[in-house]
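For reference, the structure discussed in these notes is given below.
The values are calculated or read from the model by the stated rules, or taken from the named source; none is laboratory data. Small disclaimer: the values here were computed from a predicted structure and weren't measured. Using ideal geometry, Cβ is built from the backbone for each residue, glycine included, and neighbour counts are taken over all protein chains shown.
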Amino acid sequence: MRTPCFIANWKMNKTIAEAREYLQAVEKRWPQLPGAPWETIVAPPFTMLAPMADFLKERPLQIGLAGQNVHFEERGAYTGEVSPLMLRDAGCRHVIIGHSERRTYFGETNALIHKKIGGALRAGLIPILCVGETREEREEEKTGEVIERQIREALDDLRPGPSDWIIAYEPVWAIGTGLTPQPSEAEEVHRRIRDFFRSLSKEEEADTPRILYGGSATEKNIAAFMEEADIDGVLAGGASLFAESFCNMIDLGVKAKEK
Ligand code: PEP
């Protein structure tokens with residue numbers, strides 16, 4: 001059974017003090033941790049990573065940290081960039097790569113995303129690769145084709161094992177809009193992604209990376225997504241900014257998976 005995984009993408013929100021308050025709220029909610037049968041990852045802005053890692057070091061709370069972006073080189077003259085090594089140093093185990101906001105606002109291409117994944121893997125970081133179709137691509141019924149191309153080009157010559165990365169299927173038109181696909185439609189895409197990864201392996205039932213759904217996931221809809229066989233968790237943006245709502249989502253998601 002794949003461990004359910006819940007990722008909070010804070011985007012460009014919060015201060016260090018607010019990040020600490022958030023962790024304190026989660027700690028109040030789950031004083032019994034560690035030992036949870038799920039994985040929780042928070043991706044805050046870079047400035048909060050080290051203080052959050054320090055806070056978590058002294059506590060049993062099992063929350064992993066992820067960067068929201070990364071450069072592909074280890075170091076060098078790249079003003080304003082943060083390297084995979086620096087993310088490791090600041091306490092990250094994971095890094096989000098290829099988020100649609102990076103693709104749209106910062107022109108990230110599949111080729112660049114491939115380089116970033118390589119850099120992350122070399123530094124021992126686990127990439128959380130985001131893929132998803134635009135509204136136009138969905139209307140033209142190109143979803144499967146687009147997703148497969150994004151993954152194939154992000155991979156290129158790389159063949160990481162099932163636990164070496166996480167995939168987040170995030171339809172671009174669903175991010176921050178309140179719109180979502182039907183859970184069964186998302187499941188269809190997840191199934192296709194899983195089949196694609198299985199096709200890279202010689203074993204028919206080979207383990208594959210976990211595949212999370214992202215795009216306007218909330219307390220209201222998470223259970224329906226998590227009931228689908230190939231949806232292993234959720235990457236949440238807006239709804240993850242509030243500790244209570246993110247914790248509720250995890251509770252509901254885990255329960256739905258246990259059904
Ligand atoms: C995201 O930022 O990846 C995301 C899914 O955002 P939201 O949940 O706000 O749609």
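A few notes on this one:
- Residue check for Arg75: more than 16 Å from the ligand (Cβ to nearest atom), at pLDDT 95 or above and surrounded by fewer than 17 Cβ atoms within 10 Å (Cβ to Cβ): yes
- Test: residue in region 57-64 that is more than 16 Å from the ligand (Cβ to nearest atom) and under 17 Å from Gly237 (Cα atoms): yes
- Residues satisfying the stated conditions in region 78-92, i.e. out of contact with any strand residue (DSSP E or B) (no Cβ under 8 Å at 6 or more places or on another chain), of a type outside the set (Asp, Glu) and either under 21 Å from Asp54 (Cα atoms) or at pLDDT below 95 (or both): Ser83, Leu85, Met86, Arg88
For every residue, the table says whether it meets (1) among the aromatic types (Phe, Trp, Tyr); (2) out of contact with any Pro (no Cβ under 6 Å at 6 or more places or on another chain).
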site	(1), (2)
Asp89	no, yes
Gly98	no, yes
Phe106	yes, yes
His114	no, yes
Gly132	no, no
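- Hits in region 40-69 - residues which are assigned to a loop (DSSP other than H, G, I, E, B) and either under 19 Å from Gly124 (Cβ atoms) or touching a residue at least 12 places away in the same chain (Cβ under 8 Å) (or both): Pro44, Pro45, Arg59, Pro60, Leu61, Gln62, Gln68, Asn69
- Restricting region 204-256 to residues that are more than 18 Å from the chain's Cα centre (by Cα) and of a type in the set (Lys, Arg) leaves a set whose member that is nearest to the ligand (Cβ to nearest atom) is Lys220.
- In region 174-203, the residues that are out of contact with any helix residue (DSSP H, G or I) (no Cβ under 8 Å at 6 or more places or on another chain) and within 12 Å of the ligand (Cβ to nearest atom): Ala174, Thr177, Gly178
- Any chance Ala111 is more than 20 Å from Arg152 (Cβ to Cβ), among the small types (Gly, Ala, Ser), away from the ligand (no atom under 16 Å from the Cβ) and surrounded by fewer than 23 Cβ atoms within 10 Å (Cβ to Cβ): no
- Selection within region 150-160 - more than 16 Å from the ligand (Cβ to nearest atom) and either in contact (Cβ under 8 Å) with a residue 12 or more places away in the chain or in contact with a Phe, Trp or Tyr (Cβ under 9 Å, 6 or more places away or on another chain) (or both): Ile151, Arg152, Glu153, Ala154, Leu155, Asp156, Leu158, Arg159, Pro160
- Look at region 3-29: where a residue is among the aromatic types (Phe, Trp, Tyr) and a partner is within 16 Å of the ligand (Cβ to nearest atom), sitting 6+ places away or on another chain with Cβ atoms under 6 Å, you get Phe6/Thr40; Phe6/Gly233; Phe6/Val234; Phe6/Ile250; Trp10/Pro44; Tyr22/Ala243.
- Boolean, Ile147 is part of a helix (DSSP H, G or I), touching a helix residue (DSSP H, G or I) at 6+ places or on another chain (Cβ under 8 Å), within 16 Å of the ligand (Cβ to nearest atom) and more than 28 Å from Lys255 (Cβ to Cβ): yes
- Selection within region 26-45 - away from the ligand (no atom under 16 Å from the Cβ) and surrounded by 14 or more Cβ atoms within 10 Å (Cβ to Cβ): Val26, Glu27, Arg29, Trp30, Leu33, Ala36, Trp38, Glu39
- Filter pass, Leu252 being farther than 16 Å from Ser184 by Cα and outside any loop (DSSP other than H, G, I, E, B): yes
- Matching residues in region 214-227 - criterion: being touching a residue at least 40 places away in the same chain (Cβ under 8 Å) and either of a type in the set (Ser, Thr, Tyr) or surrounded by fewer than 20 Cβ atoms within 10 Å (Cβ to Cβ) (or both): Ser216, Asn221, Ala224, Glu227
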